[in-house]
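J.: Below is one structure. I have some questions about it.
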Amino acid sequence: MSGGVSNVTVENLLVWSSRRAVRIKTARGRGGYVRHITYRNLTFDNVRVGIVIKTDYNEHPDDNFDRKALPTIEDISFTAVHGQGVRVPVRIHGSEEIPVRNVTFRDMSVGITYKKKHIFQCAFVEGRVIGTVFPAPCENLDRYDDQERPVKLSATQNVTDIDYDF
């Protein structure tokens, strides 16, 4: 994608026996934007990675792409995400030049099959968690209670919690 995608709602989705459930991928040279995307009522059953947002997906048809064209990824929300048998519920891999901004998680409970220190994997992402989210989200996301009152605001949202040992 080199244009843009916005104002999209994905709801009532069941993904089973898959490597990835939902994925947003882009890279330097793509330009454009992905914004105002809403995911609601997602169920994952036996998936390797539930939610992936990746900004270094470096596939280009040739070497003549504009290396200065940086995409924007912002205003992505995930509400009512449930499931079982998920190895990594969330992997958001932004970068210093292409951060992922304003990501929201609300009402999430995913049974995991892979117990590592960082089940949510995050780099260069800013956003918030509202209410109960399981497993524990990245430390660099702001936390709010069910009434959206601040519980814990992160000092920085560029902490890297990526662990590729699997």
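J.: With the requirement that a residue be of a type in the set (Lys, Arg) and more than 14 Å from the chain's Cα centre (by Cα), what does region 124-147 give you? Spell out how you get there, then give the answer.
T.: Restricting attention to region 124-147, the residues satisfying the condition of being of a type in the set (Lys, Arg) are 128, 143.
Once the filter is applied, which keeps residues that are of a type in the set (Lys, Arg) and more than 14 Å from the chain's Cα centre (by Cα), region 124-147 yields only ARG143.
J.: Out of (1) polar (S, T, N, Q); (2) over 28 Å from ASN12 (Cβ atoms); (3) modelled with pLDDT of 95 or more, what's the single condition that is false for SER154?
T.: Failed condition: (3).
J.: Which of the residues spanning region 24-51 are modelled with pLDDT under 95 and among the basic types (Lys, Arg)?
T.: Listed by number, the residues that qualify are LYS25, ARG28, ARG30, ARG48.
J.: Going by what's in this entry, would THR38 be described as surrounded by 14 or more Cβ atoms within 10 Å (Cβ to Cβ), under 14 Å from HIS93 (Cβ atoms) and under 16 Å from the mean Cα position of the chain (by Cα)? Even if it seems obvious, please write down each step before you answer.
T.: On the way: surrounded by 14 or more Cβ atoms within 10 Å (Cβ to Cβ): yes; under 14 Å from HIS93 (Cβ atoms): no; under 16 Å from the mean Cα position of the chain (by Cα): yes.
It is false that THR38 is surrounded by 14 or more Cβ atoms within 10 Å (Cβ to Cβ), under 14 Å from HIS93 (Cβ atoms) and under 16 Å from the mean Cα position of the chain (by Cα).
J.: Name, by its number, the condition in (1) assigned to a strand (DSSP E or B); (2) touching a residue at least 12 places away in the same chain (Cβ under 8 Å) that does not hold for VAL151.
T.: For VAL151, the failing item is (2).
J.: Please find, among ARG91, ARG106, ARG101, the residue that is farther than 21 Å from ALA155 by Cβ, in a strand (DSSP E or B), within 11 Å of the chain's Cα centre (by Cα) and at pLDDT 90 or above.
T.: Values: ARG106 fails: within 11 Å of the chain's Cα centre (by Cα); ARG101 fails: farther than 21 Å from ALA155 by Cβ.
The match here is ARG91.
The values are calculated or read from the model by the stated rules, or taken from the named source; none is laboratory data. Bear in mind that the values here come from a model prediction, so they are computed numbers and not experimental data. Note: ideal-geometry Cβ built from the backbone for every residue, glycine included; neighbour counts use all protein chains shown.
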